[in-house]
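**Q** The structure is given below, and queries will be raised subsequently.
The values are calculated or read from the model by the stated rules, or taken from the named source; none is laboratory data. It should be emphasised that the depicted structure is a prediction, and the values quoted were computed from it without experimental measurement. All Cβ positions, even for glycine, are placed from backbone atoms using ideal geometry, and neighbour counts span all protein chains on display.
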Amino acid sequence: MELVWPLNFLPLALTLALSIVALGLGHYFLLARNKTLSSEARLPRQLLLLVLTISAVLTAIVVSPLPESTRNQVLGLIGVLLSGVIVLSSAPFVTNFMATVMLRVTLPFDVGDFIRVGDFFGKVSGRGLFDTEIQTENRELIALPNATFINQGVTVMRSSGVIISASVSLGYDHAAAEVEALLLQAAAEAGLDDPFVHLLSLGDFSVQYRVAGLLADVDRNLTARSELNKKILYVLHGAGVEIASPTITRHITQDADTRILPPEPALQAVVESPDAEDIVFDKAREISQLEASRAELKAQLETIKADRGSAGLAADLKQQLKLLEQNIKALGEGK
C-alpha cells in the first residue's frame, strides 16, 4: 500500500481552511450582524449558507488524496443520502421546510391577516422557518406547522372587506317585507355597508332570514358580528317582533296575543364595551403595525437614495429602521 505524502494533503487543508473562513464570514455578514431581520428575510440567507456548506463538503472530497475508487464511492454515498432526503420528504422536518419555501413563493397570507385553517381561526402574528403563529379569538398563540397550510385549504379574510351576517327565524305571522326592512335597519345601525337580506328557507313553523353587509374594517370582525346580533335584537324587539322558537306552543294559561319580549326599559339599555379585537389580537395587531412602519421607512430610504444632500436624513431613517426591527424581533419572541 502506497504511503500518502503530507504534501498531498495540502489541497485538502487549503480547501478546508478557505471553506471555514468563507462560511464564517458568510454567517457573520448574512445572519450574525443582521439579527433583527424578520424570518422572511432570513430564509434566503439560510438557504444560501446551506448551499455553500454542501458545496464546501463536496469540494473537500474532490480534492482529498483519496484513491479514485474510494472518492467515487463517497460521492455516490452522498448522492444516495441526498436522494434519500428528497424521497423521504414526507418526514415532518423536511415537509415543513419545503412547505415554508412554497408559502414564501405563493404568499397566500401575510402577518396581520385573518386566516382560517381546519378548526383554527385567528390573526397571523408571526411566520417562522417551520411554523406559522396565529393569535386566536381566545388570545392564545398557536404555532401551526407550515405543512398544515399545504395539506388543508386556508381561508384568508380579504383586507378590502368581509361580509358579516346573522340568521334569525321568525314566525309566519310577520310579513316578509316588514322583517326585511327591520333587518336592513339593524345592519345599517351595526355599521355595515350595502346590507342585504336573504330568505333562506320556509320551514314548517318559521321563516329563516339571513341579513348581511360589508365590513370595511376587517380588524373589527369579532365586534361587528356581536354588534349585528345586538342590533337585530334591539330593532326587532323595539318593533314588537317576537324572537322565540316557533316550536314554543302557547300554554293553556297563556293568552294567544302574549308575546315573549323583554320589558321596555331593557330595550333602551345599551351597555358600552371595548372592542374585543383590542384585547384578543394585541400581539398580531402590534406586529402588523410595526411591519407597516418598516415598509414605509424602507420606501422613504429608497426615495432619498439618489439625493446626495439628504445623507443626514438617510442616516436618521436607518437608525429608526434599526430600532423598529429590534422591536419587531422582541415582540415576535415575546409570548
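**Q** Which residues, counting only those in segment 128-167, are without any contact (Cβ under 8 Å) to a residue 24 or more places away in the chain and not polar (S, T, N, Q)?
**A** Hits for segment 128-167 are Glu133, Glu140, Ile142, Ala143.
**Q** If you check Ser169, Ser159, which single one turns out to be of a type in the set (Ser, Thr, Tyr) and either part of a strand (DSSP E or B) or at pLDDT 90 or above (or both)?
**A** Ser169
**Q** Follow-up question, since we're still on this one. Has segment 80-93 got any residue that is surrounded by 14 or more Cβ atoms within 10 Å (Cβ to Cβ), at pLDDT 75 or above and out of contact with any Pro (no Cβ under 7 Å at 6 or more places or on another chain)?
**A** no
**Q** Looking at segment 105-128 only, could you name the residues that are more than 15 Å from Gly153 (Cβ to Cβ) and loosely packed, with under 15 Cβ neighbours inside 10 Å?
**A** Val105, Leu107, Asp110
**Q** Taking the criterion of being in contact with a Phe, Trp or Tyr (Cβ under 7 Å, 6 or more places away or on another chain) and closer than 30 Å to Pro108 by Cβ, would at least one residue in segment 217-239 satisfy it?
**A** Checking segment 217-239: at least one residue is in contact with a Phe, Trp or Tyr (Cβ under 7 Å, 6 or more places away or on another chain) and closer than 30 Å to Pro108 by Cβ.
**Q** Looking at (1) among the charged types (D, E, K, R); (2) under 22 Å from Gly240 (Cβ atoms); (3) touching an Asp or Glu at 6+ places or on another chain (Cβ under 9 Å), which one does Asp110 not meet, given that it meets all the others?
**A** (2)
**Q** While we're on this one: Looking at segment 208-236, which of its residues are modelled with pLDDT of 90 or more and either β-branched (Val, Ile, Thr) or not in a helix (DSSP H, G or I) (or both)?
**A** Within segment 208-236, Gln208, Tyr209, Arg210, Val211, Ala212, Gly213, Leu214, Leu215, Ile232, Val235 meet the criteria.
**Q** Keeping to segment 183-196, report how many residues are assigned to a strand (DSSP E or B) and buried (at least 20 other Cβ atoms within 10 Å of the Cβ).
**A** Number satisfying all stated conditions: 1.
**Q** Still on this structure, I have one more. Restricting to segment 222-242, count the residues that are touching a helix residue (DSSP H, G or I) at 6+ places or on another chain (Cβ under 8 Å) and either under 24 Å from Gly112 (Cβ atoms) or assigned by TED's automatic domain parsing to the domain that holds Gln289 (or both).
**A** Residues in segment 222-242 being touching a helix residue (DSSP H, G or I) at 6+ places or on another chain (Cβ under 8 Å) and either under 24 Å from Gly112 (Cβ atoms) or assigned by TED's automatic domain parsing to the domain that holds Gln289 (or both): 4 in total.
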